[in-house]
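Asks: This is the structure I want to talk about, given as structure tokens.
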Amino acid sequence: MRDPQADVVAQVKQRVDIVDVIGEYVSLRRSGRDFVGLCPFHEERTPSFHVSRDKQVFYCFGCHVGGDVITFVQKREEISFREALEQLAARAGVMLPERDPAAERRRGAKDALLRALADAAAFYQRQLQAEAGAAARAYLERRGVDGATAAAFGLGFAPAAWDALTRHLLARGHEARVLVEAGLAQVGKSGRPYDRFRNRLMFPICDERGRVVAFGGRVLDGGEGPKYLNSPETPVFQKRETWYGLHLARESMRARGRAVIVEGYMDCVTAHRHGFTETVASLGTALSEAQASKLARFTRLALIAYDADTAGQAATLRGFEILRGAGVGVRLAALPAGRDPDDLLREEGAEAFRRHLDGALPLVEYLFLLSTRDLDLASVDGKVRAVERLAPALAREPDPIARDQYVQRYADRLGVDIDAVRAAVNNAAAQTLKAPTEGHNSRPGRNTTRSLPPGPARSVVERRIRGEERLERQAEELVLGLLVRGEVPAEAVWSRVEPGWFLPGAHRELAEALRRAEGRRPGEMPAGLGEDAQALAARLLVEFSGETDKTERVLQDCLTRMAKHRVRARCSEIEREIRRLERDGQPVPRDLRVEYAQLLKQVKTPGGGAWGALP
């Protein structure tokens, strides 16, 4: 049974012209079959924003935003999908179906939370300007925060009274249970609600659309409780999905091509005060995949400006690797020990902070500074400890060329033999591979990888995967492009590969949507795609002309490459299984060894044999 909303979406997209809609926001000129203009989502001087009337999609090759007409209105007006659909449906004269009652109740509950949070923010802002907020204003003045900056961030003050906010919001018609669910109030032993935040400078936390979803409160002199108190997670606030200040920084990120990441509220506020308006705060020490994915929508480079002590924490460093995994380049500003961005900006000014950002280092180089600042590198012991500290980080460097360059560089800096550093790195890499498989059942001194072929043969799969990862991604995009444009029959693809073979994320999501799409016209955007998958589909529709007499050969070459990748993935899977069995002291089945040997032979043999017949 078809989704009624999907039918309405299709009708709306058929009846409105994407060029006409976007043309009301952007000055477009014809360029061949498409239209181009300056992107409305980031600052640029040369047009990289393309709109296709034939395919009814848009895509910016500068900031990588793309989608259909509904996506454009949603992003440009900063409204929800439903609101954008309603706006365009009214324009097209299309009636929308009745909302699902359960969905309406969930939306109504969230709206109630957002209204309470917005009213709370307004209350706190008024209190900051009232007599009761004198101490909070004095604190901001000491920290160099002017009125304009305080207003931009919506800073406020929570009075010391136990229920000042609660009484105010109840009088405005908000329900007590909503205040508790929003994290604004708590229930006492008497059963009556009272304010969560008291005698605190208040920092509203907003989503990327600027809606208040939570608060952070800093205690003032004479106050009780922790220095900082944050809202609990709620249906509208998940800490690991949120950046403090993103609603104010997003346009600057796009315009300047970078994000500056700090740790605390005041770091972020002070950075904006000094002109670094691309700054956001991470709301914690460890970054999450959700935060990384959200940041990747606005920039491809992050400059980390944590204080040196924080940046040394293992959890934080893992978060930086998560950013790199989301396609965001990471460089770290080596701030003076014990100094955070707020200190540096207030004491030395914007130019000093800018120099630190301009001199930001790649992660491995920063770790060299961090690992050696307390060592005497003129001593043998200092050199040994430096190599020991650096080896694990160098072993995690995914690019073998970059890793080798770092080994040479640090051997020179430390004045030690390059083979000694290389051996330490190789040992760290081996320990990393062993670590997950060595449990309490392992026998002392046992070689947990003895059933695998010797070193060079065993590592050939991993080397090939790293070396061809970019080509694999290109092959998948060519196949997806042929499918989404309707240039090849769907059965020509799905008879040889499955959606699960595509790389996780946007590639796999688009493949799954194309596989299940019924009645989709060639060149039409598949329904139900997330933001990243929709941008990928839009780029594939806009980027390629589709005019080639080699389509069949391109398709077969790409499917063959994907099949090879599948074989390599199976090799890695068998390796893990063999290691697990040996760790647990269990025999390795002969058929598993035989399968591994056969697959490894295919990987190493030019041409690879019958790649279509996969295990």
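Asks: Modelled label-to-label distance, Asp221 and Ser572, 7 Å Cα→beta-carbon offset: nm?
Replies: Between Asp221 and Ser572, the simple spin-label model gives 5.8 nm.
Asks: Using modelled amide H (1.01 Å from N, peptide plane; none on Pro or chain starts), what sits under 5 Å from the amide H of Cys206, excluding residues fewer than 5 places away?
Replies: Val213, Gly245
Asks: Magnitude of the Cβ-charge dipole of the stretch 63-189, K/R +1 and D/E -1, about the Cα centre, nearest 20 debye?
Replies: Values: 18 positive and 16 negative charges, 56 e Å.
Roughly 260 debye, rounded to the nearest 20.
Asks: Please go through the residue pairs Lys55/Lys75; Lys550/Lys601; Lys55/Lys564; Lys110/Lys294; Lys13/Lys550; Lys75/Lys294 and name each one whose alpha carbons sit more than 24 Å apart in this structure.
Replies: Details: Lys55/Lys75 19 Å; Lys550/Lys601 30 Å; Lys55/Lys564 33 Å; Lys110/Lys294 21 Å; Lys13/Lys550 32 Å; Lys75/Lys294 14 Å.
With Cα atoms farther than 24 Å apart: Lys550/Lys601; Lys55/Lys564; Lys13/Lys550.
Asks: Let me check the size of the stretch 70-181 from its C-alpha atoms; what are the radius of gyration and Dmax in Å?
Replies: My reading of the Cα-based Rg and Dmax gives 19.5, 57 Å.
Asks: So, one more: By average Cβ neighbour count within 10 Å, what is the ranking of 262-271, 208-217, 130-139 from highest down? Please list the in-between numbers first.
Replies: Values: 262-271: 25.4, 208-217: 20.2, 130-139: 15.6.
By packing density, highest mean first, the sequence is 262-271, 208-217, 130-139.
Asks: Can you tell me what share of the DSSP beta bridges in the stretch 246-372 is antiparallel? A percent to the nearest 5 is fine.
Replies: Details: 2 of 12 bridges.
The answer is about 15 percent antiparallel.
Asks: Same structure, new question: Give, rounded to the nearest 20 debye, the magnitude of the charge dipole that the chain has about its Cα centre when Lys and Arg contribute +1 at Cβ and Asp and Glu contribute -1 at Cβ. Don't skip to the end; give the middle numbers.
Replies: Numbers: 94 positive and 86 negative charges, 205 e Å.
Taking the Cα centre of the chain as origin, the dipole is about 980 debye.
Asks: Shifting gears a bit: Out of all DSSP beta bridges with both ends in the chain, state the antiparallel percent to the nearest 5.
Replies: Details: 33 of 43 bridges.
Of all bridge pairs located within the chain, approximately 75 percent are antiparallel.
Asks: If neighbour count is taken as other Cβ atoms inside 10 Å, put Thr560, Thr242, Thr71, Thr279 in order from fewest to most.
Replies: If I rank by nearby Cβ atoms, fewest first, I get Thr560, Thr71, Thr242, Thr279.
Asks: Something else about it: Rounded to the nearest 20 Debye, what is the dipole magnitude of the stretch 338-437 about its Cα centre when Lys and Arg each give +1 and Asp and Glu each give -1 at the C-beta? Write out the running numbers ahead of the final one.
Replies: Details: 14 positive and 18 negative charges, 72 e Å.
Approximately 340 debye in magnitude.
Asks: Also, quick follow-up: With runs of 4+ DSSP H residues as the only contributors, calculate the mean residue ellipticity of the chain at 222 nm using -39,500 (n - 2.57) per run, divided by the residue total and rounded to the nearest 500.
Replies: Values: 26 runs with 325 residues, N = 615.
Taken over the chain, the calculation gives -16500 deg cm²/dmol.
Asks: Turning to a different aspect of this structure: Which value, in Å to one decimal place, does the Kirkwood hydrodynamic radius take for the chain when every pair of different Cα atoms is included? All intermediate terms of the calculation are to be shown ahead of the outcome.
Replies: Details: mean 1/r = 0.0355 Å⁻¹.
Taking every pair of different Cα atoms in the chain, averaging 1/r and inverting gives 28.2 Å.
Asks: In nm, to one decimal, how far is the modelled label at Glu77 from the one at Ala138, with both set 7 Å along Cα→Cβ?
Replies: With each label placed 7 Å out from Cα toward Cβ, I get 4.9 nm.
Asks: Please list, in chain and number order, the residues 5+ apart from Gly264 or on another chain whose amide H is under 5 Å from its amide H, with Hs placed from the backbone.
Replies: So Gly264 has HN proximity to no qualifying residue.
No value in this document is a laboratory result; all are computed from the given coordinates. Keep in mind that what you see is a predicted model, and the values were worked out from it rather than measured. Positions of Cβ are backbone-derived with ideal geometry, glycine not excepted, and every protein chain shown enters the neighbour counts.
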